[in-house]
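Some notes on the structure that comes next.
The values are calculated or read from the model by the stated rules, or taken from the named source; none is laboratory data. These numbers come from a predicted model, not from an experiment. All Cβ positions, glycine included, derive from the backbone under ideal geometry; neighbour counts span all protein chains shown. All accessible areas refer to the heavy atoms of the entire protein, side chains included, with ligands and DNA or RNA removed. Shrake-Rupley method; radii C 1.70, N 1.55, O 1.52, S 1.80 Å.
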Amino acid sequence: VAIVGGAKVSDKILLLEHIIQQIDSLVVGGAMAYTFLKAAGFQISNSFHESGQSFGDKYGERHNIDDLARRFLIRARACNVEVLLPVDHVCHTSCAATNAPLITETPDVPEGYMALDIGPRTIQLYQKCISQCQTAVWSGPMGVYEIPTYSTGSFSIAKALGDATQERGLLSIIGGGASADAAELSGHATRVSHVSSGGGASLDLLEGKVLPGIDALDDKYA
């Protein structure tokens, strides 16, 4: 299982393309989930997304984010990869703390609101997926975990990974950066198999890029 979150599809598309044939399930959260939900036809209202945008790759070619998201979902189905997107959300009218967030009953975000964390039914869905896998890699938070109101999704993923690792030997890897920070804040970082401190380097490795340090070691022992 690959668990991906964070802000941008454009930041993770190389990772997704590289791992798609190596996984059984893909769990998507964070702001990048809303780009996929919009591509799938759902209403995301004021939620952060990249729909309508494009980005340039290292060859200077421009890519439309909507087309990338749609093509990826089609490819995932062709590879028999189960893609899990949020089925409910924790929302507010702005990215600010509140004692009374709106929790939706569907994947649609009401007009005037923005989704800031995955909802309780999504958490249960993602926890079930983690409970049934043998290996899980997590890269990217499920929501704005820095604000306590919206930390439950990311903290619940960290707990599910920690529980499965301790109780049945799940191989659980957290790919550094914000995911590692969220795991630390949740108190479950020490319960998983490995937490990378590499941040961007761990993402490069998952994308299939050659890391200079590893390459040097490979050359030495070749």
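Please verify whether GLY52 is in a loop (DSSP other than H, G, I, E, B), modelled with pLDDT under 85 and of a type outside the set (A, V, I, L, M), treating the condition exactly as stated. Steps first, please.
Numbers: in a loop (DSSP other than H, G, I, E, B): yes; modelled with pLDDT under 85: yes; of a type outside the set (A, V, I, L, M): yes.
When the stated conditions are applied, GLY52 passes them.
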Could you list, ordered by first residue, the pairs with Cβ atoms under 8 Å in which the first is in segment 181-197 and open to solvent by less than 60 Å² (accessible area, probe 1.4 Å) and the second is part of a helix (DSSP H, G or I) and aromatic (Phe, Trp, Tyr), at least 6 apart or interchain? ALA182/PHE155; SER186/PHE155; HIS188/PHE155
List, please: which pairs have Cβ atoms under 9 Å, are six or more places apart or on different chains, and start with a residue in segment 67-84 that is in a helix (DSSP H, G or I) and end with one that is open to solvent by less than 20 Å² (accessible area, probe 1.4 Å) and of a type in the set (Asp, Glu)? ALA69/GLU50
Pair list, Cβ < 7 Å and 6+ apart or interchain, from segment 36-59 residues that are open to solvent by 80 Å² or more (accessible area, probe 1.4 Å) to residues that are at pLDDT below 90 and not in a loop (DSSP other than H, G, I, E, B): GLN53/ILE65
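Per-residue answers, yes or no, for (1) under 22 Å from ALA39 (Cα atoms); (2) open to solvent by 10 Å² or more (accessible area, probe 1.4 Å); (3) of a type in the set (A, V, I, L, M, F, W, C); (4) free of Cβ contacts under 8 Å to residues at least 60 places away in the same chain:
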residue: LEU102; (1), (2), (3), (4): no, yes, yes, yes
residue: GLY112; (1), (2), (3), (4): yes, yes, no, no
residue: GLY119; (1), (2), (3), (4): yes, no, no, yes
residue: GLN132; (1), (2), (3), (4): no, yes, no, yes
residue: VAL137; (1), (2), (3), (4): no, yes, yes, no
residue: TYR145; (1), (2), (3), (4): no, yes, no, yes
residue: LYS159; (1), (2), (3), (4): no, yes, no, yes
